[in-house]
Amino acid sequence: MPSLFDPLTLRGVTLRNRIGMSPMCQYSATGGQANNWHLVHCGSRAVGGVGLVVVEATAVTPQGRISPYDLGLWNDAQVEPLARIVRFADEHGAVTGIQLAHAGRKASTRRPWEGGATAPVTEGGWEDVMAPSAVPFTDGHLVPQALDRAGIAGIVRAFTDAARRARAAGMRVIELHAAHGYLMHQFLSPLSNQRTDEYGGSFENRTRLVREVAQSVRAVWPEKLPLFVRLSATDWTEGGWDVPQTVELSRLLKEDGIDLIDCSSGGNVSGARIPFGPGYQVPFAEQVRREAGIATAAVGLITEAAQADEIIKSGRADLVLLARELLRDPHWPLHAAQQLGHGEPWPAQYLRAAPKGTVPVRKGP
Ligand SMILES: Cc1cc2nc3c(=O)[nH]c(=O)nc-3n(C[C@H](O)[C@H](O)[C@H](O)COP(=O)(O)O)c2cc1C
């Protein structure tokens, strides 16, 4: 079995190690465009040694943003600021991917540090929030409009167009966001999807949108580049989306040309009781990997080098994604390498801070 610092090859892309930066919304964009903050946020983790940087949830339409400050890829002007991030990460040996997203009924909210309530139009919010059914996320959220057939076709097109732009920006991985209670997850879960047409009801119908998006994006995304899907393996709520359905969908997504399932959970039911603890979502990555026969990423409260290494060495996942721990320590991979006795190359500029005898040096531009 490989270990944390062994490279991972998916299609024609090789990550230098099995550590990725999980997508993290920064709520810091104007007009959906990345700026210096995003460059430094992603760039510092590339310098810190991750193999993969996944740029935050990036909306495929303006209405699909969680907040007015989300990144977007619905127009061509949004491409170059992302390309700048890709070039910088490349110079430091990290592959850059992007998470494409639509917030559905969870759209148009204030930033978390402003309380996260519905954003009024006077603050840049919007009222035409879309979902599978007219069921709000909570009482405090807007009541969404149920998408009609043309609207659903428009969503598939928007993901596909955004994927083309992601390629133009030089991205080498796309992750489709079908987790955390956002639009595609809303279609998957019977708790948010009450449709009676071919997009609701049966498992086949509820999974139709995700599969259509996956197939359509795969058709424009180069054969040699990998495509991920992030799923919430369970709603942690009786009668909701669950692990057996996640395994079955993962099998189908593999047939659709998806290369890796990023196994998260929750987000579709407010107040769900989630048993948070170290590595609490790793069993999902392990089960999907084993039963669906597809590569997986483990995410969620992975903070220790030995813990991350064990997840890879025991074959429970192919990749670990870290979020908050990389905010605390952008150089986590370099520190983890030191702890695990692995000679990860440091940036030349920082060599004087590296452990004694560190070779080889990773050269800057
Ligand atoms: C600031 C912040 C922003 C996040 N934004 C996203 C996002 O854009 N897309 C997503 O799928 N998950 C998002 N998440 C969830 C993380 O990617 C990750 O799944 C979660 O934090 C658990 O990992 P951790 O315990 O390592 O933080 C976010 C988390 C944080 C802390």
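The values are calculated or read from the model by the stated rules, or taken from the named source; none is laboratory data. Since we're looking at a predicted model, the values are computed, not measured. Every residue, glycine as well, gets a Cβ built from its backbone with ideal geometry; the counts of neighbours run over all protein chains shown. Each accessible area value is taken on the protein alone, full model and side chains, heavy atoms only, with ligands, DNA and RNA left out. Shrake-Rupley method; radii C 1.70, N 1.55, O 1.52, S 1.80 Å.
Assorted remarks:
- Chymotrypsin sites (Phe, Trp or Tyr not before Pro) within region 61-126: DSSP coil, no more than 16 neighbouring Cβ in 10 Å: TRP126
- A Stokes-Einstein calculation at 37 °C with viscosity 0.692 mPa s, built on the Kirkwood radius of region 27-105 over Cα pairs, returns a diffusion coefficient of 263 µm²/s.
- Taking label positions 7 Å along the Cα-Cβ direction at both ALA83 and ALA323, the computed distance is 3.1 nm, reported to one decimal.
- Three principal axis extents of region 8-353 based on alpha-carbon atoms, in descending order, are 60, 44, 39 Å.
- Exposed-loop-free span, longest in the chain, where GluC sites (Glu not before Pro) count as exposed if DSSP calls them loop and at most 15 other C-beta atoms lie within 10 Å: 1-126
- Here the chain is assigned +1 on the Cβ of each Lys and Arg and -1 on the Cβ of each Asp and Glu. Its dipole about the Cα centre then comes out at about 900 debye.
- Within the listed set SER108, SER270, SER232, the residue fluctuating most in the Gaussian network model of the chain (springs between alpha-carbon atoms under 10 angstrom) is SER270.
- Summarising the label geometry, the points placed 7 Å from Cα in the beta-carbon direction at ASP139 and PHE276 lie 2.4 nm from one another.
- Segment GLN349-GLU238, length gained on full extension (0.36 nm per residue, minus Cα span): 34.7 nm
- Gain in span if fully extended, SER3 to ARG251, counting 0.36 nm per residue against the direct Cα distance: 86.7 nm
- Note that region 59-68 has calculated 3J(HN,Hα) couplings of 6, 8, 9, x, 5, x, 7, 5, 9, x Hz, one per residue in order, obtained from phi through the Karplus relation 6.51 cos²θ - 1.76 cosθ + 1.60 (θ = phi - 60°); glycine and proline are x.
- Annotation: per residue accessible area for region 8-353 equals 37 Å², rounded to a whole number [probe 1.4 Å, protein chains only].
- Exposed trypsin sites (Lys or Arg not before Pro) absent - longest run of the chain, DSSP non-H/G/I/E/B, at most 13 other C-beta within 10 Å: 1-223
- Scanning residues 5 or more positions from THR296 or on other chains, those with amide H under 5 Å from its amide H are ILE261, ASP318, LEU319, with H placed 1.01 Å from N in the peptide plane.
- Spread over its residues, the convex hull of the C-alpha atoms of region 47-180 is 115 Å³ per residue.
- For LEU142, solvent-accessible area (1.4 Å; no DNA, RNA or ligand), Å²: 40
- Estimated inter-spin distance, ALA306 and GLU114, nm [label 7 Å along Cα→Cβ]: 4.5
- For the chain, the relative contact order is 16 percent, taking Cα pairs closer than 8 Å that sit 6 or more residues apart in sequence and dividing their mean separation by the residue count.
- Under 5 Å, built H, 5+ apart or other chain: amide partners of ARG110: GLY116, ALA117, THR118, ALA119
- Ligands, DNA and RNA left out, the 1.4 Å accessible surface of the chain is 52% carbon and sulfur atoms.
- Evaluated over the chain, the count of Lys pairs having alpha-carbon atoms less than 30 Å apart is 7 (only pairs 8 or more residues apart or interchain).
- Max mean-square fluctuation residue, GNM over the chain, Cα-Cα springs under 10 Å, options ASP259, ASP318, ASP197: ASP197
- Counting DSSP beta bridges with both ends in region 1-84, the antiparallel % (nearest 5): 50
- Proximity of backbone amide H atoms, modeled 1.01 Å from N, is registered between VAL53 and MET21, VAL95, THR96, GLY97 at under 5 Å, excluding neighbours fewer than 5 places apart on the same chain.
- Note on VAL40/ARG11: beta-carbon distance plugged into 1/(1 + (r/R0)^6) with R0 of 25 Å gives a FRET efficiency of 0.25.
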